[in-house]
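Written out below as structure tokens is the structure these notes cover.
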Amino acid sequence: MSAARDNGLDEDREWPRPPQGGWLADDLDRLPNLPPHTELIDASLVFASPETRFHARTGRLLEEALLDQSPDGLDAVREMGLKLSNTNRPEPDVLVVRTDADTGPRQTWYRPQDVVLAVEVVSEDSVERDREVKPRKYAKAGIVHYWRVEDVDGLPVVYVYELDPATESYVAGGVHHDRLKVTVPFAVDIDLTADNRRR
């Protein structure tokens, strides 16, 4: 029995092989049969594991609240690429972007200068990326606001960060349990306990 069969992989499937020097951000739009939500980190493809209920509901709660509360000229979107460089194109769980960055229905990514807020909902397979790798890359790219969301006993806890431009790194702006209320990047008030309530 092959290692592929032992791992549950389809032996007949052709898996992408990286080119010399690794993948580029634009390759994500051209590579056939990539799993949904594939990211590019340091020229390497990163595949997402299946989404959990917590992750899906929290992403939806934040996207809808941010969309409802954002001022004119801003939009909230889920799971769109963010082209940080030729070798880095992560896919934040939620982005707040400027509406003038919309290039049409076939758009697959935004530029850092389009982004007002990036949000990552931490999953078991993304702990290191969401706590260390992505914040460092988002800060270096000049994204001023970053929220990291953790699952604590089934409810979202939001860690709010703001960019210190002198150091190109984030400083903590607060940890929010039950209710997220901030004034930047715009006034936001979200009942985090609503994550477990159905409409």
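In the chain, a dipole from Cβ-located charges (positive for Lys and Arg, negative for Asp and Glu) runs towards its positive end, and of 157, 180, 55 it is 180 whose Cα lies farthest in that direction. Calculate the FRET efficiency for residue 99 and residue 140 from the Cβ-Cβ distance with a Förster distance of 30 Å, rounded to the nearest 0.05. According to the calculation, E is roughly 0.75. A Gaussian network model of the chain, with springs between Cα atoms under 10 Å, assigns the largest mean-square fluctuation among 111, 60, 17 to 17.
Each Lys and Arg contributes +1 and each Asp and Glu -1, all at the Cβ; summed about the Cα centre of the chain, the dipole is approximately 160 debye. Which of the following values of semi-axes √(5λ) of the Cα gyration tensor in Å was calculated from the structure shown: [x] 24, 19, 17; [y] 36, 21, 15; [z] 29, 21, 16? It is the one labelled [z]. Highest GNM mean-square fluctuation among 106, 98, 30, for the chain modelled with Cα contacts below 10 Å: 106.
Taking 7 Å steps out from each Cα toward its Cβ at residue 167 and residue 107 produces label points 3.3 nm apart. Among the GluC sites (Glu not before Pro) found in the range 98-199, those both in a DSSP coil and sparsely packed, with 13 or fewer other Cβ atoms within 10 Å of their Cβ, are 168.
Residues in the range 74-113 average 48 Å² of solvent-accessible surface per residue, probe 1.4 Å, ligands and nucleic acids excluded. I want to verify a result. In a Gaussian network model of the chain, Cα cutoff 10 Å, which of these has the top mean-square fluctuation: 71, 90, 185? With Cα springs under 10 Å in the chain, the top fluctuation among 71, 90, 185 is at 71.
The values are calculated or read from the model by the stated rules, or taken from the named source; none is laboratory data. Every value quoted in this text rests on a predicted model; they were computed, and no experiment measured them. Every residue, glycine among them, receives a Cβ derived from its backbone with ideal geometry; neighbour counts consider all protein chains shown. Heads up: the accessible areas ignore ligands, DNA and RNA and are worked out on the full protein's heavy atoms, side chains in. Shrake-Rupley method; radii C 1.70, N 1.55, O 1.52, S 1.80 Å.
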